[in-house]
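The values are calculated or read from the model by the stated rules, or taken from the named source; none is laboratory data. Because the structure is predicted, anything quoted here is derived from the model rather than measured. With ideal geometry, Cβ positions are generated from the backbone for all residues, glycine too; neighbour counts draw on all protein chains shown. For accessibility, only protein heavy atoms count, side chains too; no ligands or nucleic acids. Shrake-Rupley method; radii C 1.70, N 1.55, O 1.52, S 1.80 Å.
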Amino acid sequence: MKQSRLFSRTAGAAMAAVVLSGLLAACGGSSGGGSGTTAAPGGGTGPASSPAALPGKGKPAIVMGDKNFAEEYLLGALYSQALKAKGFTVTLKENLGSSEIADKSLTSGQIDIYPEYTGVIYTELAKLGDRGKSADSTYAGAKSFEAKRGFTILEPTPFRDADGVAVLNDYAKKNGLKTIGDLSKVGSFTYAGPPENGTRFQGVVGLKKVYKLNKIQFKPLTIGAQYQALNQKKVDSIAIFTTDGQLASGKYAVLEDTEGIFGFQQAVPVVSDKVLKAQGPAFAETLNAVSAKLTTDAIVAMNKAVQIDQKKPADVAKAFLAANGLS
C-alpha cells in the first residue's frame, strides 16, 4: 500500500472520527464496558419490541467470540449488539487469543461464531497457499474450506485490513525507505509484532522468503505494544494492521508491499452451520447488514476512537449502530 494512499484515506477517516465523537457524546454514559463477558437481554422498547421486529426472540442462546486486538473487540461488539437488538440471545467472549486459538474454540464448540479475516483463513488455517491471487479468490477459498468443516462465512466487509510494515517517518527518510524491499538497505534491523508473526508467511517467513530480508531480528510483542516500542526507538520496524487508528497520526511511514505478501484481508463472521440453521434467516441478514456498513473510513475512525481516544469498544459500537439504523 502506498503511503500517499494511506494519507488520503486517513484524512477521510479523521473527518469520520469527528462525527463519531459527537455520536459517542450523545450516547451519554457507558453501555456496560468493552471487555469481559456480556449476556444479551431479549427485549427492547418501542417498535423494536414487537414480535415482527424481534426475529431472534425464543431462539437458542449463542456464544460469540473475538480475538485479541482492538478491531476484533469492535467487530465482536458490533455484531453481538446488532443481534441483541433483533432479540437474539448472545454471550460475547472477548480476547480469546490468536486466530489459531479462536479457531480451536470454534471447532470444539466452545463458541458458535467469531469474526475472522479471509486471508487468515486462506493462508494460516486452510493452508491453501502463501496468499490468494485476489480478494474474490481468497474469499472463495476460505468459504470452501469452512464449508467442508461445517461452518459458513457470511458476506465480507468493504474494508480490507491487511498486515503491513511501518517505520517512523524520520527513519524512512534517513534510510530512503518507501517499500518493504528497501529495508535491505539498512542491513540488520529489528521488527516487532505479535508472537505468531515469527512463524507466519504474512510475517517473518514471507519477509525472508520473498523480500530476502535475512538479517531481520524479530521481537515478539503483544498487539498494540509495538507502537510504543517504535515510538521509543527500541525497534526499527513494526507489524501493523492497515486500518490501525494509530496510523491516522501521520507519524509513521507504511512501507509499500510491492510483492503482495500480505494478501487480501476482509472481515467475515464465521458461524456453525447448525447454529445458522437454528437461528433462522434473520440471523445472517442482521450480521450482513452490519458488515455492509463497515467501510475503510468507518473502521479506521472506530479504531482511532478505541486505540487513541480510549473509548470503550462497546460504546463506539453502540454509537455506530445507532447512527446507521442497526440497533
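Per the Cauchy relation, a quarter of the hull surface: what is the mean projected area of the convex hull of the alpha carbons in region 161-202, in nm²?
Averaged projected hull area, Cα only: 3.6 nm².
Would you work out if region 244-327 is rounded, prolate or oblate? Take a ≥ b ≥ c from the square roots of the eigenvalues of the alpha-carbon gyration tensor; rounded if a/c is under 1.5, else prolate when a/b is larger than b/c, oblate otherwise.
It is oblate, given that a/c is not under 1.5 and a/b is not larger than b/c.
Please tell me which of these pairs span more than 20 angstrom C-alpha to C-alpha: Lys173/Lys251; Lys133/Lys219; Lys84/Lys293; Lys93/Lys127; Lys251/Lys318?
Lys133/Lys219; Lys93/Lys127; Lys251/Lys318
How much length would be gained if the chain were fully extended between Ala126 and Lys219, taking 0.36 nm per residue of separation minus their Cα-Cα distance, in nm to one decimal?
30.8 nm
Is the shape of region 172-262 best called rounded, prolate or oblate, per the rule: a/c under 1.5 gives rounded, else a/b larger than b/c gives prolate, else oblate, with a ≥ b ≥ c the square roots of the Cα gyration tensor eigenvalues?
Cα axes put region 172-262 in the rounded bin.
Rounded to the nearest 10 Å², what accessible area does Tyr73 have for a 1.4 Å probe in the complete protein model?
50 Å²
When the Kirkwood radius is taken over all Cα pairs of region 47-131, what Stokes-Einstein diffusion coefficient follows at 25 °C and 0.890 mPa s, in µm²/s?
Diffusion coefficient, whole number: 177 µm²/s.
So how far apart, in nm, are the two label points at Glu285 and Thr91 if each is 7 Å from Cα heading toward Cβ?
Inter-label distance under the simple model: 2.8 nm.
Summing +1 for each Lys or Arg and -1 for each Asp or Glu, what net charge is found among the other residues whose Cβ lies under 12 Å from the Cβ of Arg200?
Every neighbour counted, the sum reads -1.
Evaluate E = 1/(1 + (r/R0)^6) for Ala135 and Lys233, where r is the Cβ-Cβ distance and R0 equals 45 Å; express this FRET efficiency to the nearest 0.05.
About 0.80, to the nearest 0.05.
Under a crude label model (7 Å from the Cα following the beta-carbon direction), how far is Lys148 from Gln310 in nanometres?
Going from the Lys148 label point to the Gln310 one covers 4.8 nm.
Which whole-number value in Å² is the accessible area per residue of region 195-327, probe 1.4 Å?
With all protein chains present, region 195-327 gives 41 Å² per residue.
Leaving ligands and nucleic acids out of the surface, order Asp182, Asp66 by accessible area at 1.4 Å, largest first.
Final ranking, largest accessible area leading: Asp182, Asp66.
Tally Lys/Arg at +1 and Asp/Glu at -1 over every other residue whose Cβ is under 13 Å from the Cβ of Ala292; what's the total?
-1
Residue by residue through region 142-156, which ³J(HN,Hα) values in whole Hz follow from phi under the Karplus form 6.51 cos²θ - 1.76 cosθ + 1.60 (θ = phi - 60°), with glycine and proline marked x?
3J(HN,Hα) across region 142-156, in whole Hz: 5, 5, 5, 4, 5, 4, 5, 9, x, 10, 10, 9, 7, 5, x.
Divide, for region 132-290, the radius of gyration over alpha carbons by 2.2 N^0.38 Å, where N is the residue count.
1.21
Leaving out ligands, DNA and RNA, what percent of the accessible area of region 209-327 is carbon and sulfur, probe 1.4 Å?
Percent of accessible area from carbon and sulfur atoms in region 209-327: 51.
When the chain is fully extended, how far beyond the present Cα-Cα distance does Gln110 get from Ala53, taking 0.36 nm per residue of separation?
17.6 nm
Within 10 Å, count the other beta carbons around each residue, average over each peptide in 207-220, 234-247, and list them highest first.
The packing order, highest mean first, is 234-247, 207-220.
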